[in-house]
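Colleague: Once you've had a glance at the structure underneath, I'll fire off some questions.
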Amino acid sequence: MSFPVINHPDYVAKINDDNKFPIEKFGALAEYLLKNGIVKKFHVPKECSVNTLKSSHSLEYINHIKNKTLDIKLQKKIGFPINDSVVRRSFVATGGTVLASKLALDSKLACNTAGGSHHAAYDYGAGYCVFNDVAVAANYLKNKNYKKKILILDLDVHQGNGNSEIFKNDHDVITFSMHCGSNYPAKKSKSDIDIELNDNMEDLEYLNILHNNLKKLNKFNFDFVFYIAGVDVHFNDRLGKLKLTDEGIDKRDNIVIENYFNKKIPLCGVLGGGYNKNFDKLVELHAKLHKNCANYF
């Protein structure tokens, strides 16, 4: 069996040239994975259906995105212009995480080369997140009765406030967010488990906290895990405030993947944030997730 990775050329959307979001990273990551033999070929997703999106977002909001009628203030909150290309990307990237979650049921590990849009809530987007792909995929697995007890393990440097909002009354989906306490969003929501980290935290302390929390989480009987592997925890990230090294991120991913793979609990990995000052380094850091998963195949 080969390691399933999802990618679509439309993950790279057309946004304004001065936008801070490094949208080109999705195409560059796909090239990097092929060139380095981490992936032989990609699974190509379809657009997520409105019916599947409706489990996690209001129909009114979905239609505003689809028809490009979202209020300009709300577009600014997202940080992207809602144009044809961004709309296409939002539907396809969400479809990519749904597909990755389905493939992970059989292969135990599958990854999207996008996803982790964890600031999008039920009826709005924010922080470069239009639709919350992980929430949509988690509800998809539940509604199809594929899986019942799901963990969203969010290790992006920013709190996964969209997930905690969407699942606040759902006891079958546990939201875990380990993030920099002083970082975006300024007003945090309440996840099932929030671990707030101090600015400038380095590898050793970070990995110890992660290790101890995984031990606690292992007492729950999860039967599926979504892993948001943001690399904005890196010391050279423009938006990060933490001080993890390349090796620290590598170890972090390995600890998480090994923990669930050994327990035969399917894991779906998604990208999360990354805004490194060095673009090539950013691509290399994002690729660690796929590279570490590929070692099990």
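Rule-based calculations on the coordinates, nothing more; no lab input. A quick note: this is a predicted structure, and the numbers were derived from the prediction, not measured. Glycine gets a Cβ as well: all are built from the backbone with ideal geometry, and neighbour counts include every protein chain shown.
Colleague: By the scheme Lys and Arg +1, Asp and Glu -1, what is the net charge of all other residues having a beta-carbon under 14 Å from that of residue 164?
Modeller: Numbers: positive: 168, 187, 188, 190; negative: 154, 156, 165, 170, 192, 194, 196.
Charge balance in the 14 Å sphere: -3.
Colleague: For residue 51 and residue 296, what does the FRET efficiency come to when R0 = 30 Å and r is the distance between their Cβ atoms, rounded to the nearest 0.05? It would help to have the intermediate numbers written out before the result.
Modeller: Values: r = 33 Å, r/R0 = 1.11.
Once rounded, the FRET efficiency stands at 0.35.
Colleague: Give me the net charge for the shell around residue 196: Cβ to Cβ below 14 angstrom, other residues only, Lys and Arg +1, Asp and Glu -1. Walk me through the numbers before you get to the answer.
Modeller: Values: positive: 187, 188, 190, 241; negative: 154, 156, 194, 199, 205.
Net of charged neighbours comes to -1.
Colleague: Report, to two decimal places, the Cα Rg of the stretch 114-254 normalised by 2.2 N^0.38 Å (N = number of residues).
Modeller: Working: Rg = 14.5 Å, N = 141, 2.2 N^0.38 = 14.4 Å.
The value comes to 1.00.
Colleague: Another question, then. Net charge near residue 71, counting Lys/Arg +1 and Asp/Glu -1 over other residues with Cβ under 15 Å of its Cβ?
Modeller: Working: positive: 66, 68, 73, 76, 77; negative: 60, 123.
Summing Lys/Arg as +1 and Asp/Glu as -1 gives +3.
Colleague: Sticking with this structure for a sec: Along Cα→Cβ, 7 Å out, is where each label goes; now give me the distance between the ones at residue 73 and residue 88 in nm to one decimal.
Modeller: Once both label points are built, they end up 3.2 nm from each other.
Colleague: Something else about it: Given a cut-off of 22 Å, name the pairs among 168/216; 25/168; 148/188 whose C-alpha atoms lie farther apart than that in the structure shown. Present the calculation step by step, with values, prior to reporting the outcome.
Modeller: Working: 168/216 20 Å; 25/168 32 Å; 148/188 27 Å.
Result: 25/168; 148/188 exceed 22 Å.
Colleague: So, in Å, what gap is there between the alpha-carbon centers of the stretch 170-191 and the stretch 1-52?
Modeller: Centre-to-centre distance over Cα atoms comes out at 26 Å.
Colleague: May I ask you to order 86-98, 162-174 by the average number of other C-beta atoms within 10 Å around their residues, highest value first?
Modeller: Highest-to-lowest ranking by the protection proxy: 86-98, 162-174.
Colleague: Continuing with this model, one more query. Can you show me the helix-derived [θ] at 222 nm for the chain, built from DSSP H runs with n ≥ 4 at -39,500 (n - 2.57) apiece and divided by the number of residues, rounded to the nearest 500.
Modeller: -12500 deg cm²/dmol
Colleague: Where nothing but the Cβ of Lys and Arg (+1) and of Asp and Glu (-1) is charged, how large is the charge dipole of the chain around its Cα centre, in debye to the nearest 20?
Modeller: Numbers: 40 positive and 34 negative charges, 150 e Å.
The calculation lands at about 720 debye.
Colleague: If the cut-off is a Cα-Cα distance under 15 Å, which aspartates and glutamates reach residue 264, setting aside same-chain residues fewer than 8 apart in sequence?
Modeller: 106, 223
Colleague: Between the DSSP loop rule and a limit of at most 13 other Cβ atoms within 10 Å, which GluC sites (Glu not before Pro) in the stretch 172-272 are left?
Modeller: Values: sites: 196, 202, 205, 247, 258; in loops: 202.
Passing sites in the stretch 172-272 are 202.
Colleague: Oh, and also: Of all alpha-carbon pairs in the stretch 5-294, indicate the percentage at a distance above 30 angstrom. Spell out each step's value before the answer.
Modeller: Numbers: 8917 of 41905 pairs.
Every Cα pair in the stretch 5-294 considered, those over 30 Å come to 21 percent.
Colleague: Here is a follow-up. Taking +1 at the Cβ of each Lys and Arg and -1 at the Cβ of each Asp and Glu, which of 159, 116, 145 sits farthest along the dipole of the stretch 5-294 towards its positive end, judged by Cα position relative to the Cα centre?
Modeller: The residue sitting farthest along the positive end of the dipole is 145.
Colleague: Show which aspartates and glutamates lie in cross-link reach of residue 190 when reach means a straight Cα distance below 18 angstrom and same-chain residues fewer than eight apart are skipped.
Modeller: 123, 154, 156, 165, 170, 172
Colleague: Positive end of the charge dipole of the stretch 246-297 (Lys, Arg +1 and Asp, Glu -1 on Cβ, about the Cα centre): tell me which of 295, 266, 249 has its Cα farthest that way.
Modeller: Selected residue: 266.
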